[in-house]
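Have a look at the structure below, then the notes.
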């Protein structure tokens, strides 16, 4: 198990590719968007509205994630409604709820949405603190649910190990730390000393753990020389920057996000941090790509939550992305982030499952029919293929990251289109049936099955 | 040791902003006996106004003009304070303290939503001053010049306030009202006017605190709540109602926070609360507080 391999072979076994590798879409694969000629639904479809409860952050600092998530779903709902609604009859009606109310209040609101508002479907959720609390309640209420994010591995590892009604669309959290570390190890194999700055809550801890376990395998001679744990919402990083610089690392691993990250990089620039070390971020360009300035240094690993950046797949190569970005930009006058893509894709994933179930049985399908169509469903989404694994109801798509670069087309830096890094998700997440592990199944799977690179 | 001075400057940097916020909070409490929970979002309001002024209205303007416009947030917060005190707070002075807490807490929430509504969820940055100011080398390590400006502004504000409160006629009346409002009123002080002036000055300080951090940190939602919590630690240590206490408290919190991050990352957050708890046990009114 712990056989030694050289690093190049290691990367080959991970299937890491740099550049723009894409396969073409299969003919019968479901795609996002509303086709011009739709199949006529079978049987009688009621024309009552289809109520979706969408809970996400509309206030507080995490609104940078929540608002695009809602807008993604809103865009999909508007497209579907313009074509007549679900199965041509049922118009989607969106009910908003603010996730910022706190976990206990969110659980109450979820019950209220189901019992008083009689929602047909629940969607949204940004925070990893909320999915493990809401997941079991949605199961208990028998409420069909697709979480867009709240991507903690804990949800399907521990909180709801055998989900029936709940699904999740964006990649699992562990993929962030793993992707960042694989990208850093392949790009800067001479790294010996690593400094860390992560927000002090479950996401930052998860990124730290998974970055560490991959480094233990790929760069076994590298060691951690500094750790900084700023509180989420910190915008003064002077002390953390000084601490990291004074430990003289080769590489900084950082999972600070949103407004915190914008403040971080601007301060780090003036402290000369980027001149003194390489930087690998899990999520720098994932949250609000347009909030990053042209002064952002080029050539750092600018993670996108291992999920999606609106410039990839680029050009005309993947029309589902091109169309989505154009429509989203036209509708909201901003570019979509991974949450917007998740909200959009979740809505079409649902629509597709409803149509498939209708084709089999006719009429409006019951939830169990929709669930069995969602299980194992695959779809060509803006980010690429998304696959819902039947055993754990988790969405999987190939992980992506890249290097920051300024180009003339955008007033903010994007991922260098020449050097995108994609990793097949199968190679960096625990397979079906792998025993639940601590801190995550993916962590123990990497620890036990990945070889160690020669130092 | 080559980073000693940088650590020291970092500590002074956070102390400078904290003093402005906590000083305003303390001043308002000292004069009006109101714990203004909305104070955090007046600080955030100052940040948003400056971020909007420098980043949108004056985008591309030359550096000296940007420096001149930097206090826009302080002026904005002061104006807001001058409107809020007579309209929202004054009707509650005769009621029990719980009402004031409820009103100022409600105001904290409302201001947060107003800023979200006006400026949206994304961080609003105006970093031209920060970017154009460059860095100075301290023992071979770059240190941002703009941070030195912030430290200087904090120091000047402290000196100015001291002068204002202890050397001017306005200061005498302010202190008299603070010590005995009824007596001051009986002697002919227009208490309503004094209250609105003190509240406006307190808001000006909070807004200035928000304004000066914008070039390096951006304005973000919820910055006000975090700042409010930290400034409560400062006034608990220093003593609520005392400007000297706010200054010493801010310096202590700045130094301990810096040392905590550098050497005790595990208890970085806890150490401030532990210190506040220790002060409460030994001197419940704070280091400079008057027991009433």
- [ ] Compute the distance in nm between two label points, each set 7 Å from the Cα along the Cα-to-Cβ direction, one at residue A:452 and one at residue B:263.
- [x] 3.5
Open item on the list: Per-residue Cβ counts within 10 Å, from other chains only, averaged over A:239-251: what number is that?
Closed with: 4
Open item on the list: Give the average, rounded to an integer, of partner chain Cβ atoms located within 10 angstrom of each Cβ in B:208-218.
Closed with: 3
Open item on the list: On C-alpha positions alone, give me the angle between the axis of helix A:63-82 and the longest principal axis of chain A, in degrees, nearest 10.
Closed with: 30
Open item on the list: Sequence gap at least 6, Cα distance under 8 Å: using those rules, report the relative contact order of chain B to the nearest whole percent.
Closed with: 37
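How large is Rg/Rh for region A:351-422, to two decimals, with Cα atoms and a Kirkwood Rh? Intermediate values should be presented prior to the final figure.
Values: Rg = 18.2 Å, Rh = 14.9 Å.
On the Cα set of region A:351-422, Rg over Rh gives 1.22.
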Task: Whole-number percent relative contact order across chain A, with pairs defined as alpha carbons under 8 Å at least 6 apart - done: 23
- [ ] Compute the acute angle (0 to 90°) between the alpha-carbon long axis of helix A:338-361 and the principal axis of greatest extent of the alpha-carbon atoms of chain A; round to the nearest 10°.
- [x] 40
Task: Helix-only [θ]222 nm of chain B, DSSP H runs n ≥ 4, -39500 (n - 2.57) each, per residue, nearest 500 - done: -23500 deg cm²/dmol
Task: Partner chain coverage, peptide B:117-124 - average Cβ within 10 angstrom - done: 6
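Considering only DSSP beta bridges where both residues belong to the protein assembly as shown, give the percentage that are antiparallel (nearest 5). If you can, show how the numbers build up before the last one.
Working: 21 of 57 bridges.
The answer is about 35 percent antiparallel.
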TODO: Pull out a ≥ b ≥ c, the square roots of the eigenvalues of the alpha-carbon gyration tensor of the protein assembly as shown, then state rounded if a/c is under 1.5, prolate if not and a/b is larger than b/c, and oblate in the remaining case.
DONE: prolate
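Suppose a student asked you for the relative contact order of region A:202-344, using Cα pairs under 8 Å spaced at least 6 residues apart; what percent would you report? The partial results should precede the final answer.
Working: 153 pairs, mean separation 24.7, N = 143.
So the answer I get is 17 percent.
Starting with the highest mean, order B:187-195, A:271-279, A:312-320, A:283-291 by the number of other Cβ atoms within 10 Å, averaged over the residues of each peptide. Write out the running numbers ahead of the final one.
On the way: B:187-195: 14.2, A:271-279: 18.8, A:312-320: 17.1, A:283-291: 23.9.
Averaged packing, sorted descending, gives the order A:283-291, A:271-279, A:312-320, B:187-195.
Could you rank the peptides A:345-354, A:209-218 by their average count of other C-beta atoms within 10 Å per residue, with the highest value first? Mind dumping the intermediate values first?
Details: A:345-354: 25.6, A:209-218: 21.9.
Per-residue Cβ counts within 10 Å, averaged per peptide and sorted highest first, yield A:345-354, A:209-218.
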Open item on the list: If I model a spin label at residue A:330 and residue B:278 as a point 7 Å from the Cα along the Cα→Cβ vector, what separation in nanometres do I get?
Closed with: 6.4
Task: Between region A:265-306 and region B:151-217, the Cα center-to-center distance that results, in Å - done: 41
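Exposure proxy check: B:174, B:88 ranked by fewest other beta carbons within 10 Å? Show your work: numbers first, answer last.
Details: B:174 23, B:88 15.
Least crowded to most crowded, the residues run B:88, B:174.
Given R₀ = 30 Å, what would the calculated FRET efficiency be for residue B:179 paired with residue A:295, taking r from the Cβ atoms and rounding to 0.05?
Working: r = 51 Å, r/R0 = 1.70.
In this case the efficiency is close to 0.05.
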- [ ] Mind giving me the FRET efficiency for residue A:387 and residue A:12? R0 is 30 Å, r the Cβ-Cβ distance, nearest 0.05 is fine.
- [x] 0.85
TODO: Tell me what chain A gives for mean residue ellipticity at 222 nm when only DSSP H runs of n ≥ 4 count, each as -39,500 (n - 2.57), the sum divided by the residue total, rounded to 500 deg cm²/dmol.
DONE: -11000 deg cm²/dmol
- [ ] Pop a pseudo-label 7 angstrom from the Cα along the beta-carbon direction at both residue A:366 and residue B:96 and give the gap in nm to one decimal.
- [x] 5.5
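No value in this document is a laboratory result; all are computed from the given coordinates. Computed from a predicted structure; not experimentally measured. Cβ sites come from the backbone with ideal geometry, for glycine too, and all protein chains shown count toward neighbours.
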